[in-house]
Each structure stands twice: as C-alpha cells, then as structure tokens.
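The values are calculated or read from the model by the stated rules, or taken from the named source; none is laboratory data. Keep in mind that what you see is a predicted model, and the values were worked out from it rather than measured. Every residue, glycine among them, receives a Cβ derived from its backbone with ideal geometry; neighbour counts consider all protein chains shown.
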Amino acid sequence: MNQNSQNCSRQQLWLQMRLQYTEFDRSIEDFTREIGVRCPEGCGVCCTGTYEPEVTSVEAEYAARYILDVRKDLEQRFTLLEDRSYCIFYDESTPLHCMIYEARPIICRGFGFSGYTDKNGKFIYRPCRHMVFTPLEKTETGPLLSAYQSQYLLEYRHKQPISEAIAAAWQKLLYYRSMEEGR
C-alpha cells in the first residue's frame, strides 16, 4: 500500500471514529439526562490518579491529528512525558479539565457514564465512585463502552498509556507530513 492510499484509509477511519464518537457522546448525554448522573464539579480524579488509561494506536492518532491540526500549542506538553504523574493533557484550570476534550479517546468519553453486559446479556451500570446521582432501582439499558470500541478497534489491539500513545502517534504523523512535504 503506498503512502497516499494509507493516508486516505486513515482519513476514512478518523472520519468514521468522529461519527462513532458523536453517536457515543449522544447516547451518554441521553443516559445522563435520564438517570441524572454527573461528575462532581471540579473533580478530574479520573485524569490525575495513578492509573493512566490505555488507548489504541488509532485513537492516539486521532488525538495527535487534532493536536497537529487544531491545537499546535499543545505540542510542548510532550516534554512532560518523562516526569508525568497523570495525563499530560489534564488542565485543572478549565471546566472539563481536558486540553484535547474534542478528540479524547473512547475510554475518556465513557468512563463513569457507560456500562457493560454480564454473562446473560444484562446491562450493568458502573458509575465512578465520585459521581453524583440518585441511583435508580433499575437501570436496564445504557451506553456500552465495549460496543463502541469494537466498531473500529478490532484490528488495533495494541494499547499504551494515553500520554505515551498520543506522543508516539504525534511523532509518526509529523514524520508522515514531513515525507509529504519533501516530495
């Protein structure tokens, strides 16, 4: 596969991801409105804990492309990679705490706002322990993180911590762009 066809297939994949992210975000908005769940104001625990979620290379490329095309000012964040204690895109001074909020990976979109199915196919909602809501007696349906992940991630099973993955993808995309410019 030559470089142009690779770029075209990546562009198509990113467009597909954008559509799936939008659909997932809508399902989460509907779900949160229905059950009244929300993050505590100013929380950010999911971005600052010792656990850094892992993402696939294609999710990282999507976020890296956002940085290259929309938020070039964030490129200096990669210098924080070695000494980080949490996600390098966390910013406590902003309401959503995320510098790449529009391009955040699926795990960041669904954490605390989605569920899973048990072995019998029953929906199980598992909120973050810091979330604010009044539990319903039965939450029988809601967004499934795994359903959205599986739509485009089957061929991209290798995962890395979010900061490392986006940094590697950013370097890769910079390289591809330099090759295109050098023609």
Practice item. Scan segment 93-107 and give yes if some residue there is within 16 Å of the chain's Cα centre (by Cα), polar (S, T, N, Q) and in a loop (DSSP other than H, G, I, E, B), otherwise no. Key: no
Practice item. Answer yes or no: is there a residue in segment 40-55 that is in contact with a Pro (Cβ under 9 Å, 6 or more places away or on another chain), over 19 Å from Ile162 (Cα atoms) and part of a loop (DSSP other than H, G, I, E, B). Key: yes
Review point. Hey, does segment 61-79 have a residue that's out of contact with any strand residue (DSSP E or B) (no Cβ under 8 Å at 6 or more places or on another chain) and assigned to a loop (DSSP other than H, G, I, E, B)?
Key: yes
**Study point:** Only listed residue being touching a Phe, Trp or Tyr at 6+ places or on another chain (Cβ under 7 Å), surrounded by fewer than 18 Cβ atoms within 10 Å (Cβ to Cβ), modelled with pLDDT under 95 and of a type in the set (A, V, I, L, M, F, W, C), chosen from Ile106, Ile124
**Key:** Ile124
Exercise for review: Kindly indicate whether Ser9 is free of Cβ contacts under 8 Å to residues at least 60 places away in the same chain and either part of a strand (DSSP E or B) or among the small types (Gly, Ala, Ser) (or both).
Suggested key: yes
Practice item. Go through segment 45-89 and give me each residue that's touching a Leu at 6+ places or on another chain (Cβ under 9 Å) and small (Gly, Ala, Ser). Key: Ala64
Revision key, fill the gap. Residues of segment 38-55 being of a type in the set (A, V, I, L, M, F, W, C) and either on the phi > 0 side of the Ramachandran plot or over 15 Å from the mean Cα position of the chain (by Cα) (or both), in sequence order, are Cys39, Cys43, Val45
**Study point:** Residue match in segment 67-88 (condition: within 27 Å of Arg33 (Cβ to Cβ), modelled with pLDDT under 90, of a type in the set (Ser, Thr, Tyr) and in contact with a Gly (Cβ under 9 Å, 6 or more places away or on another chain))
**Key:** no
Exercise for review: Could you tell me which of the residues Tyr51, Tyr66 is aromatic (Phe, Trp, Tyr), crowded, with 18+ Cβ neighbours inside 10 Å and free of Cβ contacts under 8 Å to residues at least 60 places away in the same chain?
Suggested key: Tyr66
